[in-house]
Amino acid sequence: MSFYQPAPHSHSLWERALLRIPGGVNSPVRAFRGVGGEPFFVNKASGCTITDVDGSECIDFVGTWGPAILGHAPQVVIDAVRETVPRGSSFGIPNPLEVEMAETICRMVPSIEKVRMTNSGTEAVMSAIRLARGYTGRERIVKFEGCYHGHVDSLLVKAGSGALTLGQPDSAGIPTSLAALTSTIPFNNLEALHSAFKEHGPQIAAVILEPVPANAGLYLPGPGFLEEVKTLCREHDALLIFDEVMTGFRLAPGGAQEVYGITPDLTTLGKIIGGGLPVGAFGGKAEIMDQLAPLGPVYQAGTLSGNPLALAAGLAQLREMERINGWQLLENLGTQFEESIRHAIKGKPLTFHRIGSMFCLYFCEGPVRNLDDAKRSDSAAFARYFHRALKQGLYFAPSQYEAGFLSTAHTPEALERASMIVSKILAEF
Ligand code: KE4
């Protein structure tokens, strides 16, 4: 296997990182364990291009895992942070940006009547789970295999993303008594969901899912699936939680719930609303959200929650997306990219999925409807593809079990160039 060999400065940084950071990284998926070799270190990023510490450039199809919907270092975000930071970076006191962000989220995602900011998607999901349990007085959570909801104890059970990449979908350190309160079922499998409700109905506090799972590659809900999940939740007085940390404000202004026309009880958010700075949020019906401290009995807090820099950056990003109707631009770019890739994979045992600006190329025959299907992928072939692409200046997610992302900064010309490179690489598969 000929790995992309990072140049000297990246390599020396990597050797130092390994001495002081577990696995050399602050988040496991960055370690290239899913594709082999060692990661490069970024010096800067602008638009759809990242430049490593040795000066090599590539087109970025990861976009820091979702936040960079306008590409890297968009001027509107730079200006917003520059304008905000001289007034202070954190107060621990209510600030106007918290009100503006809350009003914006509630306007763009109508199912959210009240929202609370957090500092990561994990924190948002952890809080939403606790709120669901506190509101219903029930303890069981139902999740879907391959969905990843951050490193929440209750949900690191058959999880996706880095956990799946590393073959640790069920992490060590999770009390068995807690894991026993989580039911995991295959995505797109309504029979399994009915069985879970038949067995545990009155104990189920919530069903949580990525409406478009993008942490085992990317696959889509089958016809009527999301509707049936919502119906079963209603029938059993369980809450429906849409984890839109990835899809929120990306698939549409109102996220996947706008695309599919399904109203969840709670929604978790993150990434784009921080403009690249640490952020998360969870929101939903006021009746449920008002159970949170200081109003209600469910405690939840955060020193930096509602941080003015993250909110200024996130608001700038959301406003710019609305100004340029970024979602239409992303759909146009996605359509162009998909046409090229589908042409490249014609007749090959490969499966390409796309929705909006999110995509995945599976190295297996389709259909890919759930985790078991996704795991049929030839990860060695994916690794070869990843490294050949990187050598030719294309950075895709370093794992078969991740999604790819386009941004409004990916020009048609950049996508055309990338598609030609992908076509040449795939010609050898
Ligand atoms: P964070 O705690 O990483 O901000 O968000 C966790 C999370 C929650 N829900 C969904 C649907 C998510 O996709 C994520 C995080 N996404 C991964 C990418 N697959 C983050 C990348 C990483 O872990 O380094």
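The values are calculated or read from the model by the stated rules, or taken from the named source; none is laboratory data. This is a predicted model, so every value here is computed, not measured. Neighbour counts run over all protein chains shown; Cβ positions are idealised from the backbone, glycine included. Please note that ligands, DNA and RNA were not included when accessible areas were found on the heavy atoms of the full protein model with its side chains. Shrake-Rupley method; radii C 1.70, N 1.55, O 1.52, S 1.80 Å.
For this structure, a couple of remarks:
- Orientation-averaged projected area, Cα convex hull of the chain (nm²): 19.9
- Per-residue Karplus couplings for the stretch 331-348, computed as 6.51 cos²θ - 1.76 cosθ + 1.60 with θ equal to phi - 60°, are listed in order as 5, 5, 5, x, 5, 4, 5, 4, 4, 5, 5, 4, 5, 5, 9, 3, x, 9 Hz, Gly and Pro entered as x.
- Plainly put, the stretch 75-322 has a radius of gyration that is 0.97 times its Kirkwood radius, both from alpha-carbon atoms, as the Rg/Rh ratio.
- Residue-wise HN-Hα coupling along the stretch 10-27, computed from phi with Karplus coefficients 6.51, -1.76, 1.60 (Hz; x: Gly, Pro): 4, 4, 5, 5, 4, 5, 5, 4, 4, 6, 10, 10, x, x, x, 9, 9, 7
- The charge dipole of the stretch 365-422, taken about its Cα centre with unit charges on the Cβ atoms of Lys, Arg (+1), Asp and Glu (-1) only, comes to about 200 debye.
- Inter-centroid distance (Cα atoms) of the stretch 258-274 relative to the stretch 66-116, Å: 16
- Charge context of Glu227, other residues only, Cβ under 13 angstrom, K/R +1, D/E -1: 0
- Solvent-accessible heavy-atom area per residue, rounded to whole Å², over the chain at 1.4 Å: 41
- Descending Cα extents along the principal axes, the stretch 184-311, whole Å: 46, 35, 23
- Shown is the FRET efficiency for Asp372 and His194, computed with R0 = 22 Å from the Cβ-Cβ distance and rounded to the nearest 0.05: 0.75.
- Amide H contacts under 5 Å for Ala206, placed H, 5+ residues apart: Val142, Leu239
- When each of the peptides 181-191, 322-332 is scored by the mean number of other C-beta atoms lying within 10 Å of its residues, the order from highest to lowest reads 181-191, 322-332.
- Segment Thr176-Gln5, length gained on full extension (0.36 nm per residue, minus Cα span): 57.4 nm
- Relative contact order for the chain: 23 percent, from Cα pairs under 8 Å spaced at least 6 residues apart, divided by residue count.
- Pairs of Lys residues in the chain that lie 8 or more places apart, or on two chains, and have C-alpha atoms under 26 angstrom apart add up to 29.
- Sum of side-chain charges, Ala102 neighbourhood, beta-carbon under 13 Å (Lys, Arg +1; Asp, Glu -1): -1
- Rounded to the nearest whole Hz, the Karplus-based 3J(HN,Hα) values (6.51 cos²θ - 1.76 cosθ + 1.60, θ = phi - 60°) of the stretch 115-132 follow the sequence 9, 10, 7, 9, 10, 6, x, 4, 5, 5, 5, 4, 5, 5, 5, 4, 4, 4, with x at glycine and proline.
- Distance cut-off 18 Å, percentage of C-alpha pairs in the stretch 1-58 lying past it: 35
- Electrostatic tally near Gln291: other residues with Cβ closer than 14 Å to its Cβ, Lys and Arg +1, Asp and Glu -1, net +2.
- Judged by the mean number of other Cβ atoms found within 10 Å, the most tightly packed of the peptides 34-47, 398-411 leads the ranking 398-411, 34-47.
- Full extension of the chain segment joining Asn43 with Arg87 gains 13.1 nm, where the gain is 0.36 nm per residue of separation less the Cα-Cα distance.
- Distant-in-sequence amide contacts of Glu402, defined by a placed amide H-H separation under 5 Å and a gap of 5 or more residues or a different chain, comprise Gly217.
- Only Cα pairs under 8 Å and 6+ residues apart enter the sum, and on that basis the relative contact order of the stretch 75-322 stands at 30 percent.
- Rounded to the nearest 20 debye, the dipole magnitude of the chain is 580 debye, with +1 charges on Lys and Arg beta carbons, -1 on Asp and Glu beta carbons, and the Cα centre as origin.
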